[in-house]
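Asks: Before we start, here is the structure in question, set down as structure tokens.
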Amino acid sequence: MGVRGQVSRLVMKFGGTSVADLERIRRVARLVNAEVQAGHSVAVVVSAMSGKTNELVAWTDGSGAAAQGLAPSDDEYDVVVASGEQVTAGLLAMALRNIGVAARSWLGWQIPIIADDAHGRARIDEVPPDKLAAAMDAGEVAVIAGFQGVTRDGRIATLGRGGSDTSAVAIAAAVKAIRCDIYTDVDGVYTTDPRIEAKARRLSKISYEEMLEMASLGAKVLQTRSVELAMAQGVPLRVLSSFIEPGDDTANAGTIVCDEEEIMEKRIVSGVAYSRDEAKISLFGLPDHPGVSSEIFGRLADANVNVDMIVQSHARTADTANMEFTVGKRDAARTVEIVRAAQKEIGFDDVAVNEDVAKVSVIGVGMRSHTGVAKTMFGALAEKGVNIQVISTSEIKISVLIDAAYTELAVRALHAAYGLDQL
Ligand code: ADP
Ligand code: ASP
Ligand code: MG
């Protein structure tokens, strides 16, 4: 029981490495049991065992399926890839029962987690809380298959890679949980990906806004949409390690994602993120007159291609310009097709695509009130001989596009330049 005798509901989410085998699933069961014993009504959201979703995707995506003679199919892709989470939900419910904790599994359609029909990247529309909350409050742990929802016409839809985070936050919002704990293979959100910079430090707190930028700029620790949802719904989020035993609280303080006002320690830059998911498209010899950008980006928008960074420059010859922009790697070929098909209308000489690029970004709310952040960034990259191809900024981030071969070098140089290295 929580404050004034009300039940305090808690959502716990475990990622792929945390449920990778039965031994780990048993440990997860112990962690869940500890929260039940502490008096919480618990819902647990699980991912598929690590590697499983990739394996399923390989059966269904364009290349793999085409090689086996199957035409790709968005709605059936979801039926296949959502299956990994069904397995772990059942296994965890069994592991909980084995240690005397009442539990049952829930698939997306059984709750239901209602999603739109954008298969493969669906968004959650609604989670009616009544059935789930009643089961939780009756003392039965709800073990929920993450990553999946059901469309209004009864089809399975998945929420995009990393989508179990979003399942967990949506459920936490729906049942008005006191917190959503995201258990993963690192013990919190770090100043940068600890896999590429050993000197990265765990942040004890990070604001929703910074976390949103970090996630959308490549830090895979939380799915972007989950942070967006947590921010919009005011769900307190905590990121922590699942590789601990119950009761090990001080060793596992994790990172709290919260409102900016709750953070005492003020930093100019909180983190460095990187992404290798974009490709650079260059258009040469564009006519330099009004309406050209609208012609290009209008066509891409109509085809649902997301454009990220954009830079335009004058070419040496009079009245022509060059333009460079980035799109997701998976949209690169389609983008080239679209602009080529309109070469006459747009009027350009040539188009090139470069997939060997990486976007490296520094993020921090302190940028709003401090100058010199860009200068430090460009200085640090110049010192390492890293050439900047495209730059983009927002109020709280600066991103540069560089040669992918220099990703690690650039991340480490920036991490040091902003004083983020471990002391
Ligand atoms: P899960 O399977 O639990 O969802 P993910 O692999 O999706 O785990 O996310 C955890 C991983 O995110 C970490 O292993 C880490 O390499 C990576 N990561 C990237 N950037 C960061 C960061 N800034 N802080 C912590 N982890 C990060
Ligand atoms: N299993 C899914 C994936 O690998 C969802 C998740 O892990 O959050 O993307
Ligand atoms: Mg994840």
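The values are calculated or read from the model by the stated rules, or taken from the named source; none is laboratory data. Everything numeric in this text was worked out from a predicted model, so none of it was measured. Here the Cβ positions follow ideal geometry from the backbone for every residue, glycine too, while neighbour counts run over all protein chains shown. Keep in mind that these areas ignore ligands, DNA and RNA; they rest on the heavy atoms of the full protein, side chains included. Shrake-Rupley method; radii C 1.70, N 1.55, O 1.52, S 1.80 Å.
Asks: Go through (1) within 14 Å of V44 (Cα to Cα); (2) more than 13 Å from ligand 2 (Cβ to nearest atom); (3) among the aliphatic types (A, V, I, L, M) for A170 and report which single condition fails.
Replies: So A170 meets the others, but not (2).
Asks: Counting only residues that are open to solvent by 80 Å² or more (accessible area, probe 1.4 Å) and free of Cβ contacts under 8 Å to residues at least 24 places away in the same chain, which one in region 292-311 is farthest from the chain's Cα centre (by Cα)?
Replies: If we take residues in region 292-311 being open to solvent by 80 Å² or more (accessible area, probe 1.4 Å) and free of Cβ contacts under 8 Å to residues at least 24 places away in the same chain, then S294 is farthest from the chain's Cα centre (by Cα).
Asks: Filter region 126-162 down to residues that are in contact with a strand residue (DSSP E or B) (Cβ under 8 Å, 6 or more places away or on another chain), within 16 Å of ligand 3 (Cβ to nearest atom) and of a type outside the set (S, T, N, Q) and give me whichever is nearest to V44 (Cα to Cα).
Replies: Per the criteria, the residue is I144.
Asks: A further question follows. Identify the residue in region 321-341 that is in a strand (DSSP E or B) and open to solvent by 30 Å² or more (accessible area, probe 1.4 Å) and, among all such residues, is nearest to V292 (Cα to Cα).
Replies: Here the residue is N322.
Asks: Taking strands (runs of 3 or more DSSP E) that fall entirely within region 86-162, which contain at least 1 residues that are out of contact with any Asp or Glu (no Cβ under 8 Å at 6 or more places or on another chain) and farther than 23 Å from T60 by Cβ?
Replies: Fully inside region 86-162 and qualifying: 103-106, 124-126, 141-145.
Asks: Sticking with this structure for a sec: Only one residue in R238, R202 is within 16 Å of ligand 3 (Cβ to nearest atom) and either of a type in the set (K, R) or at pLDDT 95 or above (or both). Which one?
Replies: R238
Asks: Kindly list the number of the only condition in (1) surrounded by 15 or more Cβ atoms within 10 Å (Cβ to Cβ); (2) under 17 Å from E140 (Cβ atoms) that fails for I99.
Replies: Against the list (1) surrounded by 15 or more Cβ atoms within 10 Å (Cβ to Cβ); (2) under 17 Å from E140 (Cβ atoms), I99 comes up short only on (1).
Asks: Hey, could you check region 7-63 for residues that are assigned to a loop (DSSP other than H, G, I, E, B) and touching a residue at least 40 places away in the same chain (Cβ under 8 Å) and say which is farthest from ligand 1 (Cβ to nearest atom)?
Replies: Per the criteria, the residue is V7.
Asks: Listed residues D74, D78; which is among the charged types (D, E, K, R), out of contact with any helix residue (DSSP H, G or I) (no Cβ under 6 Å at 6 or more places or on another chain) and open to solvent by less than 50 Å² (accessible area, probe 1.4 Å)?
Replies: The unique qualifying residue is D78.
Asks: Something else now. Can you tell me which residues in region 376-419 are in contact with a helix residue (DSSP H, G or I) (Cβ under 8 Å, 6 or more places away or on another chain) and open to solvent by less than 30 Å² (accessible area, probe 1.4 Å)?
Replies: M377, A380, L381, V386, I396, K397, I398, V400, I402, A410, A413, L414
Asks: From the list G149, G90, exactly one residue is modelled with pLDDT of 95 or more and open to solvent by 20 Å² or more (accessible area, probe 1.4 Å). Which is it?
Replies: The conditions single out G90.
Asks: Further, regarding this structure: Considering (1) outside any loop (DSSP other than H, G, I, E, B); (2) within 12 Å of ligand 1 (Cβ to nearest atom); (3) touching a Pro at 6+ places or on another chain (Cβ under 9 Å), say which one A200 fails and leave the rest.
Replies: (1)
Asks: Kindly indicate the residue of region 254-274 that is under 24 Å from R195 (Cβ atoms) and surrounded by fewer than 22 Cβ atoms within 10 Å (Cβ to Cβ) and also farthest from ligand 2 (Cβ to nearest atom) among those meeting that condition.
Replies: It comes out as R267.
Asks: Being crowded, with 21+ Cβ neighbours inside 10 Å and touching a Gly at 6+ places or on another chain (Cβ under 7 Å) narrows it down to one of S167, S242, so name that one.
Replies: S167
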